[in-house]
Amino acid sequence: MSEDGTSAPVRVAVVDDDPLVRAGLRMILGGDPTIAIVGEASDGHEALDLVERERPDVVLMDIRMPRQDGLVATRRLGERGSSARVIVLTTFDTDEMVLTALRHGAAGFLLKDTPPADLVDAVRRVARGEPMLSPSVTAQLIAAVAQPRDDSRERSARERLDRLTEREREVAVAIGRGLSNAEIARELYMGVATVKTHVAHLFTKLDATNRVHIARCVHDAGLV
């Protein structure tokens with residue numbers, strides 16, 4: 001919150017090797033008063049320095065870049081303990097790329113043809129701690145978890161979920177269904193702040209770095 005009581009703008013860093021793409025993203029996001037562009041980078045190496053220097057809330061990260069690609073940069077940000085949430089923004093959406101980005105800690109995965117209004121909404125949602133996946137990416141993720149279930153993976157997921165309280169388990173299943181915090185609050189008749197507390201507990205108990213990891217655990221356990 002700022003001194004006058006209003007919410008501070010979401011601080012965003014843009015990482016892409018194409019200057020035209022960076023200019024387009026700056027124009028789309030910079031026109032929204034709730035978002036502030038704090039810097040640009042043209043590859044993964046520059047991105048790491050930019051994030052360390054500017055401490056953005058959200059990083060829009062291209063994948064295919066020279067010197068160091070976006071997947072490696074995303075992983076290294078996590079290894080450095082960065083609190084910045086990464087949205088991978090790319091023209092490619094292969095299964096392997098999506099799952100690799102999510103394993104490396106990406107909070108969102110959007111295609112570059114995402115409509116401007118949806119891109120702005122994605123930045124706001126990710127800044128609030130919610131995941132954001134394009135419809136095609138969501139379909140791929142569902143397909144991946146719908147593959148023939150590995151018994152050992154299912155057993156491991158169920159053992160991890162057994163650590164949860166009944167309420168935490170309900171929240172985890174709701175996340176597995178793709179519900180936002182506000183939607184979970186309405187469905188389970190609790191406050192949004194309480195939902196956030198349960199989600200924080202889930203991150204710790206399930207050793208998850210984002211909501212997608214929680215969703216995959218729930219899917220692996222066969223609860224969704």
Query raised in the report: In the stretch 184-210, what residues are modelled with pLDDT under 85 and either assigned to a helix (DSSP H, G or I) or not aliphatic (A, V, I, L, M) (or both)?
Result: T209, N210
Query - Residues of the stretch 179-222 satisfying the condition of being open to solvent by less than 60 Å² (accessible area, probe 1.4 Å), within 16 Å of R125 (Cα to Cα) and touching a residue at least 40 places away in the same chain (Cβ under 8 Å) - result: S180, N181, V199, N210, R211, V212
Report task. Within the stretch 33-47, track down each residue that is in contact with a strand residue (DSSP E or B) (Cβ under 9 Å, 6 or more places away or on another chain) and closer than 20 Å to P116 by Cβ. Result -> T34, I35, A36, I37, V38, E40
Query raised in the report: Got at least one residue in the stretch 66-80 being within 14 Å of H104 (Cβ to Cβ), at pLDDT 95 or above and within 20 Å of the chain's Cα centre (by Cα)?
Result: no
Query - Hits in the stretch 168-183 - residues which are farther than 17 Å from A221 by Cβ and assigned to a helix (DSSP H, G or I) - result: N181, A182, E183
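The values are calculated or read from the model by the stated rules, or taken from the named source; none is laboratory data. Owing to the predicted nature of the structure, the values given are computational and were not obtained by experimental measurement. Using ideal geometry, Cβ is built from the backbone for each residue, glycine included, and neighbour counts are taken over all protein chains shown. Areas reflect the complete protein model, heavy atoms only, side chains present, ligands, DNA and RNA absent. Shrake-Rupley method; radii C 1.70, N 1.55, O 1.52, S 1.80 Å.
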